[in-house]
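Data first, discussion second: the structure below is written as structure tokens.
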Amino acid sequence: MSTQKHVRQQYGEVEGSESLRIPSDKAEQIVDALTTDLASTYVLYHQLKKHHWIVEGAEFRDLHLFLGEAAGDAEEAADVLAERIQALGGVPLSGGANFEEHATVSPEDTDAYDIRSSLENNMEMYGDVIESLREHIQLANNLGDYTTEEELREILQTTEEHAHHIEHYLEDDTLVLESSTH
């Protein structure tokens, strides 16, 4: 239970930022979009970490390292999104249940799956995150918030790169002998 006695700003209120010269109605739209991206990014982060922890098999080491790096990049993106929300006069979302409630993606359940299924689940989530980022890049551009647009473009570039790597991992070509998988 929180011991804080005085709320400075309630979640959902956007006070705007005079220093950025973005009108409050535009800041509210951008903060709403960034909150969705923040929530979805944290859901993706937690799923990637789960797979990082449980991966097994012949490709263990490479996948373990890749999933750790991808999760780290998602966590870094979430930090950028949260800081931009704050700069625009909003309160960044926090808390696992809140992230899942506001995300456009849904995590897989709590079971451990084979790595191919796990990566397929990650690909699906990456695709949804990529689509949302593209929409919000366009929104930021339309509203004249070019800094948010640029930050989202950088996040998109890294997100697409990780999705592309997963696509390669899911290809049929492998050095593992068929006799080794039975």
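The values are calculated or read from the model by the stated rules, or taken from the named source; none is laboratory data. As the structure is a prediction and not an experimental result, all values here were calculated from the model. Virtual Cβ from ideal backbone geometry, glycine too; neighbours counted across all protein chains shown. Heads up: the accessible areas ignore ligands, DNA and RNA and are worked out on the full protein's heavy atoms, side chains in. Shrake-Rupley method; radii C 1.70, N 1.55, O 1.52, S 1.80 Å.
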Practice item. Could you tell me which numbered condition residue 106 fails, if it satisfies all but one of (1) open to solvent by 80 Å² or more (accessible area, probe 1.4 Å); (2) in a helix (DSSP H, G or I); (3) not basic (Lys, Arg)? Key: (2)
Point to revise | Residue satisfying all of: in the stretch 78-100; in contact (Cβ under 8 Å) with a residue 60 or more places away in the chain and closer than 19 Å to residue 130 by Cα; least open to solvent (accessible area, probe 1.4 Å) among these | key: 81
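Could you tell me which residue of the stretch 144-173 is nearest to residue 85 (Cα to Cα), considering only residues that are hydroxyl-bearing (Ser, Thr, Tyr), at pLDDT 95 or above and open to solvent by less than 90 Å² (accessible area, probe 1.4 Å)?
Going through the stretch 144-173, the residues hydroxyl-bearing (Ser, Thr, Tyr) turn out to be 146-148, 158-159, 169.
Applying the additional criterion that residues be at pLDDT 95 or above yields 146-148, 158-159.
In the following step, the residues that additionally are open to solvent by less than 90 Å² (accessible area, probe 1.4 Å) were identified as 147-148, 158-159.
Numbers: 147: 12, 148: 9, 158: 20, 159: 20 Å.
That would be 148.
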Revision key, fill the gap. Taking the stretch 1-35 and keeping only residues that are hydrophobic (A, V, I, L, M, F, W, C) and at pLDDT 95 or above, one is left with 30, 31, 33, 34
Exercise for review: Could you look through the stretch 36-61, keep only residues that are open to solvent by 50 Å² or more (accessible area, probe 1.4 Å) and of a type in the set (D, E, K, R), and pick out the one that is modelled with the lowest pLDDT?
Suggested key: 59
Exercise for review: Could you tell me which numbered condition residue 141 fails, if it satisfies all but one of (1) buried (at least 16 other Cβ atoms within 10 Å of the Cβ); (2) in contact with a helix residue (DSSP H, G or I) (Cβ under 6 Å, 6 or more places away or on another chain); (3) modelled with pLDDT of 95 or more?
Suggested key: (1)
